[in-house]
Each structure stands twice: as C-alpha cells, then as structure tokens.
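Before any comments, here is the structure.
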Amino acid sequence: MPSLAEELRAAVGATNVLTAREACVAFECDGLTAFRHVPDVVVLPANAAEVQAVMAICHRLRVPVVARGAGTGLSGGSLPIAGAVLLVLARMNQILELAPRRRLARVQPGVTNLSISKACAAHALFYAPDPSSQIACSIGGNVAENSGGVHCLKYGITLHNILEIKVVTVEGELLVLGTEMGEAPGYALTALLTGSEGMLGIIVEVTVKLLPRPERVELVLGAFDDIDACARVVGDIISAGIIPAGLEMMDGAAICAAEAFAKCGYPTAAKALLLCEIDGGDADVSDQLARVMTVMQNAGATYLRVAADVAEQLRMWSGRKAAFPAVGRLSPDYYCMDGTIPRRRLPDVLRSIQGLSQEFALPIANVFHAGDGNLHPLIMFDAGKPDELQRAEQCGNRILELCVAVGGTVTGEHGVGVEKLGPMCKQFSSAELEMFHAVKRAFDPHALLNPGKAVPSLARCADYGALHVAGGKLPFPHLPRF
C-alpha cells in the first residue's frame, strides 16, 4: 500500500511534496513568529483539481490539513500541527479573468492583493480592501481572515467586496458559493466561509468586485498635542455625516518610528495624528474637506496639512503603511494586537492601554484604523530576556479583554488562529461556542481542517478561567489545545 507521501506525490507531482526538514522549516510559522512548528509534509498544488485530489486522500486517511497562503497572517492561523499536511496555495497565483465592463475579476487564491488593483488600473478600477501587507498577502488568505485595511471604513472589508468563491470541501468536492451578481438564494454561505480561517473548506478561486476610481482624492493630516482630543475627533468626523475613505490614527511612539523609517513628513513632536482621506465627486470632496479641517481645528489640532499632490499623498500614507516594520526597528520583538471597539470608547481604551503598558513595563505604540475602531497596539519586548514574551502575551490578552468589556471584539481583521483562543472565551458563552462547533461539525465532522484553531474548546475556556464544563466532556475531545 502506498504511503501518504507517495499518494500526494502522485496527485501533485514529486517536486511539489516536501518532506525534508530543511525544506519544510520555511513554513514553520506565519507572521506570529512566537508560535512555530516545522510541518511534517508540505504540499504545493497548482490548481483546484490538485487541491481536490489532496483533500480526498487526506479525508480517506483521516489526515488533518492546514491551509496556508502567503504566510503574512498575524494570529497563527496557518501554524502547522503535528501529523498534518500543510497545504500551501502560493503556486495558484493567476488572475483568471479581468472583466472591466462587469467590474469584476476572477483570481486564484495565491494572487497578491495589490496585484489585482495593478491589473485593473488601466481601466480606472481598483480593489478596495487594502491591508498594510497588501504587497505580499494573498487574496485567499484575505478571504479566510476577512481582512480589512485603510480604506475599509467607506468601502467595506473583504466580505463586502467579493461576489463568488469556489471552495474544496474536506471530502474533496468543489462548491461554488455566491454568484457573479452577488445575490443568491438560500443561506449566505459566502459570508460564512469568509473569515472561517480554513476551518470549513479550502478556498481555490475568488471573484472580487472592482470599483471605479473616484474623481478626486484629498488627504489631510491633523496633529494633536493631546491623544484624547485626537481620539474624540474620530467620532466628531463621523457624527458630522462624513464617511472618509480612510481615517487612521497613530500615537507619538508610532509617529516617531514611522518618520524615522519612511521619511514621510510627520510632525514628530505630536502626541497623536489623524490621516483622513476623502474621495468622491469634486464638489462633495471640497465640502467635506473643509468640514473635516474645521472639526480638527475646533478640537485643537496643532498642525494641519493637505497633501499637495498624489506623490505627497503616497508619501504621507507610506508612514502608516510601514508602521509595523518601523516599530520593529525600535525593539528586538513586538507583538501586534488586533481588537475592535466602539469609536466612542477610543479615548477610554487608549488611556487603559497606557496603563497596561506601565503595569507590564513594556512600551506600546498604537496605530490603527480609527474610523472603524480597529486597534493595533504594538507591544514591544525582547524575547531573549526572561519572562518578557510571557508578559507581552499577558498584556495582549488584557488588551483584548478590555476591548470585549467596552462592547467590542477580540479581532477586527487578523483572525483568532491560536493567538486569541483564550480571549475568545471571554467574548462568547458556552452556548455560543457550542453553536460554532456545530457549524464546524456540519462542514468537517472529523475535525480535519485546521484543527485547534479559531474556536476554543470548552475545556480550554475552563483552563482560561472563563467557563466550567460539566463533567469535563469536550465537543471535540481529540483536538489539540494550544
């Protein structure tokens, strides 16, 4: 009887199945590098048919499968587990159809986010979701994590910008969910699969919505000497009836790091700044720009600047887009959090984060999608020093619990993966978690797809101190606890 590796090689070609440790070690983690495991076997399919063949083999042999895109995720969602096949979709990187008149593109999951907008730029179209990692992150991963980005306040997250997805089930069947028109009868399974973190199926094709380039775009930078005042302006702008294309906030530490790294023209003496992009028709942009600047002035802005041209807009955005690597220059390691809160609670939560920074004796830089309340505190630490990684993780958990306590959620766009399993127990009750597990069982009764991720077991929640499980019975007793 052929071995698993032999069957996989027959399905996708011998050179596309890796088993040697030196070849597999490159896939041991995603962007959350604190969690690592060298996969036992890596499979790189070239098309949907090969994915189907791999899934059929693994289902028959009851072998778990972990899907991986570009590996830019920040929650450990594609972390390999012992005994599992790591299914890497990076070779499936073709734009299958670009239809400007129908304003859509069909792409394989390995296509990078930015390449879609580049491909349709000549037709004055763009793909709206734009994570900071858009130059590298893949569209399949964006769907799996329901990624956001700078322009998602106005244009929506990934879910709002996809029309149809093709998914391979755990048994190896191909499903088509959604339609080119964006409407279909029955349950909204496209929405269910978007953000499911590889737990319900393998995404092998995505039809995305393309939008027309706006007639005019303006970008204003407002700096403040008080972080609370800057945070309150976010709500003031929205309350004024203005929905910016992007509304991003950075605190003093992030400002200085970004300026030193990107030379983007930020005022480094400021305690906080807002980047507010307004787009649309010429008259509307003129009106909204004037009103935004008035709101900022009335709130005590110490510095206001409107980008003079497209080049300056790109330069001003470059600091925000490069904030994560910029902070990485300040510390041997950093831990990027991802919680979301109601906008009105921004000042309170930022003050509490400052308090947690002092409590755990770890510096924190804040950079986030202020318009939709999606926080990205960057906790700086040195993993080479005793207990600093542990303190950083504890601090991160406290931040996420704080987000839940003020009416928010433990993730906005990075997903749960293995990172947020504990805080998930604070957000959801045992009945809610059991409902999640029931959905999982409906798609994957043997728990072969990305086991141990995204949804915690009730026993894990009991360990976390959030729930107690009667009789200690688990919905999925064989799932690993991370």
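Find, among the chymotrypsin sites (Phe, Trp or Tyr not before Pro) in the range 145-234, those assigned to loop by DSSP (not H, G, I, E, B) with at most 12 other beta-carbon atoms within 10 angstrom.
Details: sites: 155, 187, 224; in loops: 187.
When the chymotrypsin sites (Phe, Trp or Tyr not before Pro) of the range 145-234 are filtered for loop state and at most 12 Cβ neighbours within 10 Å, 187 remain.
Just grab the label-to-label distance for residue 464 and residue 99, each label 7 Å out from Cα along the Cβ direction, in nm (one decimal).
4.2 nm
What distance in nm separates the simple spin-label points at residue 181 and residue 446, each placed 7 Å from Cα in the Cβ direction?
3.9 nm
Counting trypsin sites (Lys or Arg not before Pro) as exposed when in a DSSP loop with at most 16 other beta carbons within 10 Å, what is the longest stretch of the chain free of them?
Numbers: sites that count: 36, 62, 91, 101, 102, 103, 263, 329, 473, 481.
Result, exposed sites excluded: 104-262.
Taking only DSSP H segments of four or more residues, each worth -39500 (n - 2.57), what value at 222 nm results for the chain once the sum is divided by all its residues, to the nearest 500 deg cm²/dmol?
On the way: 17 runs with 171 residues, N = 482.
Rounded to the nearest 500, the figure is -10500 deg cm²/dmol.
Need one number: the % of Cα-Cα pairs in the range 403-442 sitting beyond the 10 Å mark.
Working: 567 of 780 pairs.
Counting every Cα pair in the range 403-442, those more than 10 Å apart make up 73 percent.
Projected area of the chain, taken from the Cα convex hull and averaged over every viewing direction, in nm²? Don't jump to the answer; show the numbers that get you there.
Numbers: hull surface 93.2 nm².
Over every viewing direction, the Cα hull of the chain projects on average to 23.3 nm².
Residue by residue, what Karplus-based ³J(HN,Hα) values in Hz, rounded to whole numbers, does the range 138-151 have, using 6.51, -1.76 and 1.60 with θ = phi - 60° and x for Gly and Pro?
9, 5, x, x, 4, 5, 4, 9, 6, 5, x, x, 4, 9
Extension gain residue 382-residue 226, at 0.36 nm per residue separation less the Cα-Cα distance, in nm? Don't jump to the answer; show the numbers that get you there.
Numbers: separation 156, 0.36 × 156 = 56.16 nm, distance 2.91 nm.
Length difference between fully extended and current span is 53.2 nm.
Once R0 is set to 41 Å, what does the formula 1/(1 + (r/R0)^6) return for the Cβ-Cβ distance between residue 354 and residue 62, expressed as a FRET efficiency to the nearest 0.05? Don't skip to the answer; put the middle values down first.
Values: r = 49 Å, r/R0 = 1.20.
Efficiency, from the Cβ-Cβ distance: 0.25.
Under 21 Å between C-alpha atoms is the cut-off here; go through the chain and count lysine pairs that meet it, provided they're at least eight residues apart or on different chains.
Here the count comes out as 18.
Translational diffusion coefficient, Stokes-Einstein: compute it for the range 422-472 using the Kirkwood radius over C-alpha pairs as Rh, at 37 °C and 0.692 mPa s, and state it as an integer in µm² s⁻¹. Please list the in-between numbers first.
On the way: Rh = 11.3 Å.
Result for D is 291 µm²/s.
Calculate, for residue 290 and residue 3, the FRET efficiency according to 1/(1 + (r/R0)^6) with r their C-beta to C-beta distance and R0 45 Å; round to the nearest 0.05. The partial results should precede the final answer.
Working: r = 69 Å, r/R0 = 1.54.
About 0.05, to the nearest 0.05.
Among DSSP beta bridges lying fully in the chain, give the percent that are antiparallel, nearest 5. Kindly include the intermediate steps, with their values, before the conclusion.
Values: 56 of 64 bridges.
About 90 percent, rounded to the nearest 5.
No lab work stands behind these numbers, since they all come straight from the coordinates. Note that the structure is predicted; figures quoted are calculated from it, not measured. Cβ: placed from backbone, ideal geometry, glycine included. Neighbour counts: every protein chain shown.
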